[in-house]
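For reference, the structure discussed in these notes is given below.
The values are calculated or read from the model by the stated rules, or taken from the named source; none is laboratory data. What you see is a predicted model; the values in this text were computed from it and never measured. Ideal geometry is used to build each Cβ from the backbone, glycine not excepted, and the neighbour counts take in all protein chains shown. These area figures cover heavy atoms from the full protein model, side chains too; ligands, DNA and RNA do not enter into them. Shrake-Rupley method; radii C 1.70, N 1.55, O 1.52, S 1.80 Å.
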Amino acid sequence: MLSAKRLFQEIIDNDESFRLFCSIAASGEAQGGWENGRIAALVPESQRALAPKITRHGADEDKHGRIFNALLRRRGLEPVEVPSETDYTMLLEARGIGLAHDKLRRDEPLIEHDIITYLVHSRVTEQRASAQMAMLCRYFGDDPLVGRAVRMISNDEDNHLAYCHEELLRLAAAGHGRTIQRALKECALVEARVHRDVSLAVMAHMGRILGWSMARAALLAAGIHALYLFEWLGGWRRMVALRMPERRDALGGRATPAPEFA
């Protein structure tokens, strides 16, 4: 019987697949930390109040990268180079989603539309991250190796998602509603395609490491394609809906430290 829990347990139990999984995750989180740090530094004067929250967002992402690297060290493992076809963050950028790294490397202030672009990108990708971490929490929240890390990251991702909802609703009330909705739909549809492609690539690498049969690999690929079809037919709407979160001002304080993963 193929299940998400069994699949991830198999990946966690094997050193090489666990090494690839954590390396991919750590790389993505580190990129997110850098992006948020640059956005916080370049935020326009009209949105300066957001700068501390964007900084906190980036600090959380950096912390997550350190956590995944710490999990590797606990197993006596070193990170591996991330295959380009599994680099979710860079593939999104290549398809025009989010703020281009070239823009962020320049010391030129962003404009308000750039902040909308950043928040829209974050709203969609944090929805994905929140759902994935909730699943890992459900299956591995009590695991002695990864449980505490999974719970901590999951809580942070929920905070990030709440923050995106609240700030996009604020900007919508200020007259940017139509721009935000158009951008959310475009972002969600592109993200669904990138998520499909990255998932197929990651599972192909895992299959080679773990020696999966052609039948099992084909079944997993079919499941990934089925999820994409669901999202393309209408599942994307969950990625674009905006509602005031229960967690208000979720990034209003300082980042929660994780000294045990330093």
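Of note:
- Scanning segment 142-185 for residues that are free of Cβ contacts under 8 Å to residues at least 40 places away in the same chain and over 21 Å from residue 69 (Cβ atoms) returns 142, 170, 173, 174, 175, 177, 178, 182.
- Residue match in segment 197-207 (condition: within 21 Å of residue 229 (Cα to Cα), open to solvent by 60 Å² or more (accessible area, probe 1.4 Å), out of contact with any Pro (no Cβ under 9 Å at 6 or more places or on another chain) and modelled with pLDDT of 95 or more): no
- Counting the residues of segment 224-236 that are touching a residue at least 12 places away in the same chain (Cβ under 8 Å), of a type outside the set (Ser, Thr, Tyr) and either over 16 Å from residue 184 (Cβ atoms) or open to solvent by 40 Å² or more (accessible area, probe 1.4 Å) (or both) gives 4.
- Among the residues of segment 53-98, those identified as open to solvent by 50 Å² or more (accessible area, probe 1.4 Å), free of Cβ contacts under 8 Å to residues at least 12 places away in the same chain and outside any loop (DSSP other than H, G, I, E, B) are 73, 84, 94.
- Residues (among the β-branched types (Val, Ile, Thr) and over 23 Å from residue 90 (Cα atoms)) located in segment 179-231: 179, 209
- With respect to the conditions (1) in a helix (DSSP H, G or I); (2) in contact with a helix residue (DSSP H, G or I) (Cβ under 9 Å, 6 or more places away or on another chain); (3) more than 28 Å from residue 19 (Cα to Cα); (4) open to solvent by 60 Å² or more (accessible area, probe 1.4 Å), residue 179 falls short on a single one, namely (4).
- Residue 134 meets the conditions (1) open to solvent by less than 30 Å² (accessible area, probe 1.4 Å); (2) within 13 Å of the chain's Cα centre (by Cα); (3) of a type in the set (Gly, Ala, Ser) in every case but one. The failed one is (1).
- Of all residues in segment 237-262, those satisfying the criterion of being open to solvent by less than 90 Å² (accessible area, probe 1.4 Å), assigned to a loop (DSSP other than H, G, I, E, B) and modelled with pLDDT under 90 are 252, 253, 255, 256, 258.
- Residue selected from segment 42-52 under the condition part of a helix (DSSP H, G or I) and hydrophobic (A, V, I, L, M, F, W, C), by the criterion most open to solvent (accessible area, probe 1.4 Å): 49
- Residue match in segment 30-46 (condition: under 21 Å from residue 116 (Cα atoms) and among the aromatic types (Phe, Trp, Tyr)): yes
- Meets criteria (in contact with a Ser or Thr (Cβ under 9 Å, 6 or more places away or on another chain) and not aliphatic (A, V, I, L, M)) for residue 57: yes
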